[in-house]
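Shown next, in structure tokens, is the structure this report addresses.
All of the numbers you see were taken from the coordinates with simple rules; none came from a lab. Nothing here was measured: the structure is a model prediction, and the numbers come from that model. A quick note on method: Cβ atoms are made from the backbone with ideal geometry, for glycine too, and the neighbour counts reach across all protein chains shown.
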Amino acid sequence: MSSRQPFVRLNDGHCIPALGFGTYKPIEVPKSKSLEAANLAIGVGYRHIDTAYAYQIEEEIGQAIQSNIKAGIVKREDMFITTKLWCTCFQPELVRPSLEKSLKKLQLEHVDLFIMHYPVPMKAGDNDFPLDEQGKLLLDTVDFCATWEALEKCKDAGLVKSIGVSNFNHRQLERILNKPGLKYKPVCNQVECHVYNNQSKLLDYCKSKDIVLVAFGALGTQRYKEWVDQDSPVLLNDPVLCGVAKKNKRSPALIALRYLVQRGVVPLAQSFYESEMKENLQVFEFQLSPEDMKILDGLNKNFRYLPAQFFADHPEYPFSEEY
């Protein structure tokens, strides 16, 4: 892989670019915007693109990757592409077919990273959010350790280079790590992480197990109405964060990203604007002082913009644990 960005080495020997481009989009944003944003992101220098089956935009991301390869802007080996296994496909026999569907949409022979989207299984079927008559989610009881074994087989088959998880707490990670016959450790745990929820305990735990923490919502999320409480604080308007930004002559967004990078976290930055995408790539051009880092540590309030309350009734709901 060649790119201007530094890399973080994963526990399986592969490398992940130290900043990623997030591609989640809400229902109200047309899919064409995702295609446009992915094209812009690759054009300005992002080589790590994070997507998921559940985002319903894998086709657009695939089009952007292929058009940039055809135009000679990037080579496939320069790109690090992540997608995610959705919770309705946790039955072991559904894992590979789900991945193959994603690969077809992405127009790729393999993805660089394939991760379990949540530790909570839902009933298999045609609906991504299956509901009962009362409008409650139809949850399932598949053991995610059995799902993990199916991910390991996908890696052995060459369909993925690395495998990991998302939204797992430390006890759930521990269950995979202690699983009899474990072949591959998760390379990462992708979780909501930002100055209001700095995940220090989970980060320490992951570092002790050589698991990389990847951060979504690194800038406080895009505040989409369908998922985020509109009364929640706007992270990038935080006066303390803005004060550190002013002192360093950088934007609050760059300070928020740099805070994560300096702690060994791989942030995913999301934007639909080229100027913001370019600016976010400047995160490697400066350093925060130990004093600034301490000030930013003080902003932590273990606050989640995305608490995934729809899973709260499941015994595997990950956020009942402290970390």
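Just a few scattered comments:
- Among the trypsin sites (Lys or Arg not before Pro) in the stretch 1-67, those located in a DSSP loop and surrounded by at most 12 other Cβ atoms within 10 Å of their own Cβ are R4.
- Result for the chain in a Gaussian network model with C-alpha springs under 10 Å: among S162, S271, S251, the largest mean-square fluctuation is at S251.
- Between amide H atoms placed 1.01 Å from N, distances below 5 Å from G20 occur with L268, A269, all of them 5 or more places distant or on a separate chain.
- Over the chain, dividing the summed -39,500 (n - 2.57) contributions of all DSSP H runs of at least 4 residues by the number of residues returns a 222 nm mean residue ellipticity of -10000 deg cm²/dmol.
- Across the alpha-carbon set of the stretch 228-323, the Rg to Rh ratio works out to 1.01, Rh being the Kirkwood radius.
- Stretch gain in nm, segment S289-S232, where the contour uses 0.36 nm per residue and the Cα spacing is subtracted: 17.6 nm
- Both radii come from the Cα set of the stretch 176-267: Rg as radius of gyration, Rh as Kirkwood radius; their ratio Rg/Rh reads 1.07.
- Shown here: the stretch 99-154, whose C-alpha atoms stretch 41, 25, 14 Å along the first, second and third principal axes, sorted largest to smallest.
- Considering only P180, V265, G298, and ranking their Cα positions along the charge dipole of the stretch 172-314 that arises from unit charges at the beta-carbon of Lys, Arg, Asp and Glu, the one farthest toward the positive end is P180.
- Set K70/K104; K84/K183; K31/K161; K225/K301; K179/K301 screened for pairs whose C-alpha atoms are more than 25 Å apart: K31/K161; K179/K301
- Selection of trypsin sites (Lys or Arg not before Pro), the stretch 214-323, meeting DSSP coil and at most 13 other Cβ within 10 Å: K225, K249, K301
- Filtered GluC sites (Glu not before Pro), the stretch 275-317: DSSP coil and at most 10 other beta carbons within 10 Å: E285
- Dipole of the chain, positive direction: furthest Cα of A38, N280, S232, with charges on the beta-carbon: N280
- Here the label points at K225 and T141, each 7 Å from Cα along the C-beta direction, are separated by 4.0 nm in the simple model.
- Cα-centre dipole for the chain with unit charges at Cβ (Lys and Arg positive, Asp and Glu negative), debye to 20: 960 debye
- When the convex hull of its Cα atoms is viewed from all sides, the stretch 148-211 shows a mean projected area of 4.5 nm².
- Calculated FRET efficiency for the pair E109/D12, C-beta based, R₀ 22 Å, to 0.05: 0.75
- Taking the chain as a Gaussian network of alpha-carbon nodes connected by springs under 10 Å, the highest mean-square fluctuation of the residues S34, S289, S98 belongs to S289.
- Descending by average beta-carbon neighbour count within 10 Å, the peptides 140-148, 234-242 line up as 140-148, 234-242, the highest first.
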